[in-house]
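Nothing in this text is a laboratory measurement; each read-out follows from the coordinates by a stated rule. Keep in mind it's a predicted model, so treat the numbers as computed, not measured. For neighbour counting, all protein chains shown are included, and Cβ atoms are generated from backbone atoms with ideal geometry for every residue, glycine included.
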Amino acid sequence: MSHWIVRRWGIRKIIIRIRNLRMLTNWKLLLALAPMMLLLGPPGSGKTMLAKRLPTILPLLTLAESLETTRIHSVAGESRQGEALLATRPVRSPHHSASTAAMVRGGSIPQAGEVSLAQHGVLFLDEFPEFTRQTLEALRQPLEDGEVTIARAHTTVAFPALFMLVAAMNPCPCGYFTDPRKPCKCSPPQIDKYLARTSGPLVDRIDIHVEVPAVAFAQLRTDREGLASVKIREQVDIARRM
């Protein structure tokens, strides 16, 4: 990760740099065990793909988890037609224009928001700095307590919110600050202003920061096969039981 970004955030975290596809396969195990992570890299480096594939290597939902997640989606009207129980972990990826109300929900009749719909799954925040600071600050309480408490004059409702938070962002406004193949057009003040959009207290809670550089085409077309998701899931199961 760029020393500029490390200085700007004062990061004292586990910083991973994925240099090739083999490292990507090996680090999937660590990523699946982390409750929160930040993916940082230029456009087209695979940040979104990596985040949305995480459920394929996470442990399968238990019956209790499946029932709880299904109830939440059913109450919110998010159940799929013909699907009695959710068999896979949900991946929620709200747009960066999503409001605080959409994220944690509320209203006169409290309903489940994105953090609750991601119960036992992944909440993926792409274009992390583009979310409003108020929306990002609203995530701190669910991440600490594992639930969202909504208080109204006539009632108080608590929705479960146990999820894996995965955030993705470019290193600068143009996106190519850490890309050796394409020059960055941003000035240091522009980069500083861009990074300042993120919530400092929330970034401080994210223990694993992953730099995801663009993978060369020659590596993408190699005949070498990596571990299948089923095999990685078995390793994750073993690691979580330790």
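Values as computed for the structure displayed
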{"quantity": "Amide H contacts of Leu125 (H built 1.01 Å from N, under 5 Å, at least 5 apart or other chain)", "calculated": "Val166, Ala167, Ala168"}
{"quantity": "Paramagnetic label zone (point 7 Å from Cα along Cα-to-C-beta, His96; backbone N under 11 Å) in the range 156-195", "calculated": "168-175, 194-195"}
{"quantity": "Under Karplus coefficients 6.51, -1.76 and 1.60, residue-wise ³J(HN,Hα) of the range 143-159 in Hz, glycine/proline x", "calculated": "5, 7, 9, x, 7, 10, 9, 10, 9, 10, 4, 9, 6, 10, 10, 10, 9"}
{"quantity": "Net lengthening on full extension, Leu63/Arg205 (0.36 nm per residue, minus Cα-Cα)", "calculated": "48.1 nm"}
{"quantity": "Distance in nm between pseudo-label sites at Glu137 and Asp192 (7 Å out along the Cβ direction from Cα)", "calculated": "2.3 nm"}
{"quantity": "Relative packing of 54-62, 124-132, 160-168, which averages over residues the other C-beta atoms within 10 Å, highest first", "calculated": "160-168, 124-132, 54-62"}
{"quantity": "Under the Karplus curve 6.51 cos²θ - 1.76 cosθ + 1.60, θ = phi - 60°, whole-Hz ³J(HN,Hα) for the range 91-101, x wherever Gly or Pro sits", "calculated": "10, 9, 10, x, 5, 5, 8, 4, 7, 4, 4"}
{"quantity": "Gain upon complete extension [Leu85, Arg181; 0.36 nm per residue less C-alpha separation]", "calculated": "29.9 nm"}
{"quantity": "Integer Hz, Karplus 6.51/-1.76/1.60 couplings in order for the range 73-80, x for Gly and Pro", "calculated": "5, 5, 5, 7, x, 9, 5, 7"}
{"quantity": "The range 90-129 residues near the modelled Thr155 label - backbone nitrogen below 20 Å, point 7 Å along Cα→Cβ", "calculated": "101-117"}
{"quantity": "Exposure proxy order (Cβ contacts within 10 Å, fewest to most) of Thr100, Thr178", "calculated": "Thr100, Thr178"}
